[in-house]
Every structure is written in structure tokens, then in C-alpha cells.
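Structure first, then comments.
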Amino acid sequence: MAANTPDRLSLALKSRRDWHWHVWRLSWPVILANVTIPFVGLVDVFVMGRNPNPDYIAAVALGAAMFSAVYWLFGFLRMGTTGLTAQAFGREAISEVAAIFYRALFIAAALGALIIILQWPLKRLLFALFEPSSEIGELALTYYDLRVWGAPGLLIHLVELGILFGLQRMDYTLILSIGLNVTNIVLDYIFVMLFQLDVFGVALGTVISEWSAAVLGFFLVRSAYGRFHYKSGSHKLLDRQALRQFFHLSSNLVLRTFFVQLPFFAGTVLATQIGDLTLALHGVLMQLFFVMTYSLDAFAHTAESLTGYFYGAKNPINLRRASIYSSAWGLLLALLTGLTFLTFGSDFVAIMTVAPEVQSLANEYMPWLALAPIFCVWAFLLDGIFIGTTHITAMRNAMFFSALLWAIVLFATFETWQYHAVWFGMNLFMLTRALLLFRSYPEIERAAVDPAL
């Protein structure tokens with residue numbers, strides 16, 4: 001793109017109405033797509049919840065938490081590719097997008113294979129950390145031994161989502177997510193409800209769904225950037241500078257994700273220590289929490305894509321506008337989500353489990369769940385802005401200090417507040433990271449004018 005030449009998107013966004021429409025046009029498919037992501041866990045909990053014994057829900061919740069703890073560390077495969085792709089798209093460097101895709105695809109496949117190779121020491125580590133009871137541990141072991149074979153497919157899927165977000169093809173992410181979750185729902189019904197395979201059936205359905213999404217995603221990505229005319233091979237797959245940039249982003253994103261994961265990981269560990277009933281409750285509440293987070297993430301993904309695009313196009317004015325309009329829509333959804341949890345939260349729990357003791361205990365903690373969207377939305381939106389513009393070092397530092405404060409507060413309150421301390425600490429963590437990221441935001445606008453900053 002020639003210097004001082006307005007990018008295509010800036011020419012199309014001339015009024016507030018244009019901005020609101022464009023943000024909503026990008027976000028609504030992601031809202032639907034993201035809401036379907038935790039359906040993998042929701043459906044798993046639902047089919048296990050048909051059994052009045054809460055051990056089945058607890059085992060699946062524990063197994064899913066173990067894989068979340070591992071997979072979230074590889075979130076850089078999605079986040080790093082989104083930022084790099086969005087900026088290349090803003091520069092109209094489509095051949096660079098193709099190179100980013102295949103480079104990240106190779107890395108994802110290699111990392112997935114490594115997880116399979118190291119599955120036995122990884123299993124010992126995870127089960128030692130969570131320390132489940134013998135009954136739940138035996139069921140969770142069955143889930144783990146099968147679910148681990150979906151690792152390469154899931155990591156490839158993350159790369160594909162990252163490219164599609166960066167190219168603003170949110171409609172394709174909707175197709176991909178619906179494909180993944182419809183497959184999972186159908187297979188859960190077949191394996192669990194019909195064949196009575198219980199935990200083994202839940203894991204088998206998830207693995208097949210993950211690999212199916214990886215295959216579908218490959219063709220969707222090729223279609224997304226294939227509509228642009230570009231010269232294949234004009235960017236080397238093993239370009240040293242590009243690989244250094246990717247691994248620099250990745251290493252910082254791994255640290256960032258590690259700190260973000262800590263409250264979720266610790267929450268499951270602490271719920272396990274309190275007792276099996278609390279662990280079952282935690283599995284149900286966290287599935288509702290993930291529905292909320294993935295919904296709010298829709299506007300964070302929009303901010304990620306748009307700010308990355310305008311950062312690549314060196315347009316700080318529209319970068320700020322993208323941040324503001326995405327935030328306005330995100331706040332509106334957060335308020336509606338909190339009100340929904342406050343009003344219908346108990347009904348959602350009753351749908352997910354028939355165990356009366358879990359339903360009764362959930363009412364005590366529902367206000368925490370209703371407050372969570374208000375604290376989370378700012379953290380998610382600013383995350384998206386920093387990821388899209390690849391200002392990862394500042395994000396990493398904010399996550400570290402937020403996690404440090406969270407750990408101190410949780411240590412000070414857990415003995416007295418028990419499971420309430422888990423939710424208090426989670427909300428405090430979200431608020432702290434939002435405040436720290438907001439403080440660093442002006443650096444992004446300055447760097448959009450002068451990349452050397």
C-alpha cells in the first residue's frame with residue numbers, strides 16, 4: 001500500500017452508523033460461534049448430568065479442566081496468528097498471510113504430536129496437581145487417555161481461527177464452530193445416550209469433533225485468502241526474521257496465558273480439595289462462566305481484528321475508533337449477560353444437572369457469576385487490542401502483576417471464605433488486568449504512527 005494512501009476500510013467507514021454497523025457485522029457471527037465453543041463442555045456435562053451420581057459430572061469437569069490448562073498455554077497459536085494476519089491484511093500483503101498460515105500450521109502439528117508423545121509424564125503431573133478422589137480419578141483417567149489424541153487437531157484449529165479473525169472472515173469462524181459443535185452434540189448422543197459409553201463416549205466424541213474441525217478449517221482458510229490475488233512463494237516459509245517474530249510473540253503469549261490460566265486452574269484444584277460436591281458445582285458454574293466469556297470475547301475478537309488492521313495501515317485515529325466502538329458494544333452485552341445470570345441462573349443449573357444438592361448449592365454462588373461479566377468485559381476488550389497490535393510485552397507484564405495480586409488475596413481469604421474466595425479472586429484478577437492494560441494503551445496509538453516506539 002502506497003504511503004499516505006487511505007486503506008480500503010477507512011474509506012468505507014465515514015460515519016458513526018457505518019462504524020456501529022461494521023462492528024456489529026463482524027461481531028454477531030463471532031458471538032454465535034463463540035457461544036458454541038463451550039457447548040463442547042456444556043453438552044458433555046449435560047449428558048453426564050442425566051446420571052444422578054455427581055461423580056460423572058465431576059470426572060468430566062476435571063478431565064476438561066486438565067486439557068484446558070494445557071491447551072490454554074498454546075493460545076498463542078490463535079492470538080499470535082490473528083495479530084500478524086490482521087496487520088499484514090492492513091498492509092494488503094496477502095502472500096504474507098499465506099506464509100503465516102503454513103508456518104503456524106506446521107508448528108501446531110509439531111506441538112500436538114509432542115503432547116501425544118509426552119502424554120504419560122503429562123498425565124502424572126496433572127493428576128498429581130489436581131489430586132482427585134479415587135472414584136473420580138478412575139473416570140477422569142479414562143477421559144484423559146482418549147482425549148489426548150485430539151491434541152494436534154485442536155491446535156491446528158486454533159491456528160485456523162487466528163487466520164480467519166485476522167482476515168475479518170467472522171462468517172467462516174461461525175461455520176467452523178457450528179461444524180465442531182454439531183458434530184460433538186451428535187456424537188455425544190450416539191456414544192453416551194444410545195451406546196451408554198459414559199465418560200469414554202464423551203471423550204471419543206470430542207476427539208472426533210476436534211479433528212473434523214481441523215480439516216474443515218483448512219479449506220475455509222484457503223478460501224478466505226484465496227479470493228485475493230497474490231503470488232505464492234513470495235514469502236519464505238522458513239524466513240528467519242518471521243520465525244523470530246513469531247517465537248518472540250509466542251513466548252510472551254505463553255507467559256501471559258500462564259498467568260491468565262492460574263485462577264482457573266487454582267479454582268478447580270481448590271474445589272477438588274473442598275469436596276466432590278463443590279467440584280461438581282464448580283464444573284457446572286464454570287461452563288456457564290465460559291459461555292459468558294466466549295460471548296464477550298466476540299467484541300474482543302472484533303477489536304483484535306480491527307485494531308490490528310489499522311495498526312498495520314498506520315492509522316491511529318481509526319485504531320482508537322475501533323477500540324471505542326467495540327468497547328461500547330461489549331459493555332452492553334456484559335450488562336445483559338449479568339442480568340440474565342441474576343434472573344435465570346438457577347434455571348440454567350437445573351437444566352445442566354438433576355442432582356438436587358448441586359442445584360441447591362449453586363444458588364449461594366450465583367451473584368458472583370452475575371457480577372463476572374462487568375469485570376471481565378474490560379479485560380477481554382483490552383486483551384484484544386493488545387493482541388491485534390502485537391503489544392505483547394506490556395500485556396505479559398500486566399498479567400504478571402494481576403496474577404500476583406490475585407494470589408496474595410486468595411491466600412489471605414481462602415481459609416475463611418472457601419469457595420467464595422475463588423470467585424472473589426477471579427473478579428479481582430479481571431479488574432486489575434483491565435486497569436493495568438488501560439494505563440498502557442496510549443503507547444499503542446503512538447506506535448501506530450512510529451513503529452519504532
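Just so it is clear, none of the values below were taken in a lab; they were calculated from the coordinates. Owing to the predicted nature of the structure, the values given are computational and were not obtained by experimental measurement. In this analysis, Cβ positions are derived from the backbone assuming ideal geometry, glycine residues included, and neighbour counts consider all displayed protein chains.
Between helix 151-166 and the chain there is an angle of about 40 degrees, using the helix long axis and the longest principal axis of the Cα atoms. Exposure proxy ranking for F46, F259, F127, F344, based on other Cβ atoms within 10 angstrom of each Cβ and starting from the fewest, stands as F344, F127, F46, F259.
Helix 76-90 and the longest principal axis of the C-alpha atoms of the chain enclose an angle of approximately 20°. Considering Cα pairs under 8 angstrom that are at least six residues apart, work out the relative contact order of the chain and quote it in whole percent. Averaging sequence separation for qualifying contacts and normalising by length gives 24 percent for the chain. Is the C-alpha gyration tensor of segment 309-453 telling us rounded, prolate or oblate? Criteria: a/c under 1.5 is rounded; beyond that, a/b larger than b/c is prolate, otherwise oblate. Judged from the Cα gyration tensor, segment 309-453 comes out oblate (a/c at least 1.5, b/c at or above a/b). Enter the angle in degrees (range 0 to 90, nearest 10) between the Cα long axis of helix 276-312 and the first principal axis of the Cα atoms of the chain, meaning the one along which they spread out most. Helix 276-312 sits roughly 0 degrees off the main axis of the chain. Each of S440, S250, S177, S223 was scored by other Cβ atoms within 10 Å of its Cβ. Arranged with the fewest first, they read S223, S440, S250, S177. Site pair Q196 and E415 shows an inter-label distance of 4.9 nm when each label is modelled 7 Å from Cα along Cα→Cβ. Here the dipole of the chain is about 1980 debye; that uses its Cα centre as origin and unit charges on the Cβ of Lys and Arg (positive) and Asp and Glu (negative).
For a test of the definition: using alpha carbon positions, the gyration tensor, and the 1.5 limit on a/c, classify segment 162-205 as rounded, prolate or oblate.
prolate
Would segment 287-332 count as rounded, prolate or oblate if I go by the C-alpha gyration tensor, calling it rounded below 1.5 in a/c and otherwise prolate when a/b exceeds b/c, oblate otherwise?
Cα axes put segment 287-332 in the oblate bin.
For segment 13-20, 3J(HN,Hα) computed residue by residue from phi via the Karplus equation (6.51, -1.76, 1.60; θ = phi - 60°) reads 9, 9, 9, 4, 4, 4, 5, 4 Hz, glycine and proline entered as x. Residue ranges 272-283, 191-202, 288-299, 150-161 sort as 150-161, 288-299, 272-283, 191-202 when ordered by packing (mean number of other C-beta atoms within 10 Å per residue, highest first). Here the simple spin-label model places points 7 Å from the Cα toward Cβ, and for V215 and F247 these points are separated by 3.3 nm. By the helix-only formula, in which each DSSP H run with n ≥ 4 contributes -39500 (n - 2.57) and the sum is divided by residues, the chain has a 222 nm mean residue ellipticity of -29500 deg cm²/dmol. Counting beta carbons within 10 Å around each of R169, R446 and listing the fewest first gives the order R446, R169. Which entry in (1) 1.67; (2) 0.96; (3) 1.02 is this structure's computed Rg/Rh (Cα atoms, Kirkwood Rh)? Correct label is (2).
Once the Cβ-Cβ distance of L339 and L125 is raised to the sixth power relative to R0 = 30 Å, the FRET efficiency obtained is 0.15.
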